[in-house]
Amino acid sequence: MNKELRKAVIAGNWKMNKTPDETKALIEAIKPLVAKADCDVVVCVPYIDLFAALEATKGSNIKVGAENCHWAEKGAFTGEVSAEMLKAIGVPYVIIGHSERRTYFGDTDETVAKRTRAAIDAGLTVILCVGEYLEQRQLGITMEVVRTQVKIALKDIKKEELDNIIIAYEPVWAIGTGLTATAEQANEVNKAIRELICELYGQDAADKMVVQYGGSMNAGNAAELLAQPDVDGGLIGGASLKAPDFAAIVEAASK
Ligand code: 13P
């Protein structure tokens, strides 16, 4: 449709993997392989690895992200890290609302909205994750679930702030399972997300919104997924931990 208005974003989500030394080694391996990318390349790493990632990516086209942030600027929240803290060390991206946060750590649509608001206030770019569980897909309520998640997450976000939001559609049943959504399934939901952005903010905002797909994207299936008119990139888990695989996805997005 208006894909030429958007630059693809390929982001790795390393989850709870890699020490700082391993971070440096993996980024050094990825760097030369993606140097000519014609898409944005991001690696989202554990908090403990952020300094190593920032150092290793200096002067390269790879940007660094965190995997979550708290909504308060500071305070009595043991174990948490604020968006302001990420900003202070020079981290430009943050994943918010990943299904693993929602499933295992109690994130709700409301807290996802608060974290999103805080990240935008800190000047970060948010990769906002949404997606349905298998039972929800089987019940035929995928669109309601995803629309609700997006609507609540963005309820305090103004149109001019959308430039700093990327939405990642990640069907929970496809994450880490090797079960990928078909290209048609991915595009259908991504398109519905774009239509919702149009309803909420207008066609120009919808045309500009980067909507990624995530869930067992790999070197073998990336090209087909990324060729879909409403799939503007990927959020990659397992395959982002292997430099050649991640680079192959970046290459597929650069075509
Ligand atoms: P996998 O690519 O390992 O399925 O993980 C996807 C994901 O959760 C990215 O955020």
Does segment 86-97 contain at least one residue that is over 24 Å from GLY234 (Cα atoms) and in a helix (DSSP H, G or I)? yes
Just one listed residue, out of THR180, THR142, is of a type outside the set (Gly, Ala, Ser) and at pLDDT below 95, and it is THR180
Yes or no: ALA8 at pLDDT 95 or above, under 18 Å from the mean Cα position of the chain (by Cα) and among the aliphatic types (A, V, I, L, M)? yes
Select, from GLU4, GLU55, GLU28, the only residue that is part of a helix (DSSP H, G or I), open to solvent by 60 Å² or more (accessible area, probe 1.4 Å) and without any contact (Cβ under 8 Å) to a residue 12 or more places away in the chain. GLU4
How do the pairs read when you match residues in segment 66-78 that are assigned to a loop (DSSP other than H, G, I, E, B) with residues anywhere that are open to solvent by 40 Å² or more (accessible area, probe 1.4 Å) and hydrophobic (A, V, I, L, M, F, W, C), using Cβ under 9 Å and keeping only pairs 6 or more apart or on different chains? GLU67/MET16; ASN68/PHE105; CYS69/MET85; GLU73/MET85; LYS74/MET85
Quick test of your reading of the structure: THR116 fulfils all but one of (1) more than 22 Å from GLY214 (Cα to Cα); (2) assigned to a helix (DSSP H, G or I); (3) touching a residue at least 24 places away in the same chain (Cβ under 8 Å). Name the failing condition by number. (1)
Mind listing whichever residues of segment 246-255 are of a type in the set (D, E, K, R) and surrounded by fewer than 18 Cβ atoms within 10 Å (Cβ to Cβ)? LYS255
Whichever residue in segment 196-223 is without any contact (Cβ under 8 Å) to a residue 60 or more places away in the chain, closer than 14 Å to ALA8 by Cα and away from the ligand (no atom under 11 Å from the Cβ) and, among such residues, is surrounded by the fewest Cβ atoms within 10 Å (Cβ to Cβ): ALA223
Give the residue, chosen from THR180, THR148, THR111, that is over 24 Å from LEU50 (Cα atoms), among the polar types (S, T, N, Q), buried (at least 17 other Cβ atoms within 10 Å of the Cβ) and without any contact (Cβ under 8 Å) to a residue 60 or more places away in the chain. THR180
When you check LYS191 against the structure, is it part of a loop (DSSP other than H, G, I, E, B) and away from the ligand (no atom under 16 Å from the Cβ), yes or no? no
Residues located in segment 224-236, provided they are open to solvent by less than 20 Å² (accessible area, probe 1.4 Å) and not in a helix (DSSP H, G or I): ASP230, VAL231, ASP232, GLY233, GLY234, LEU235, ILE236
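The values are calculated or read from the model by the stated rules, or taken from the named source; none is laboratory data. Quick caveat, the model's predicted, so the values are computed rather than measured. Don't worry about glycine lacking a Cβ; one is built from the backbone with ideal geometry, like all the others, and counts go over all protein chains shown. With ligands, DNA and RNA removed, areas are computed over all heavy atoms of the protein, side chains included. Shrake-Rupley method; radii C 1.70, N 1.55, O 1.52, S 1.80 Å.
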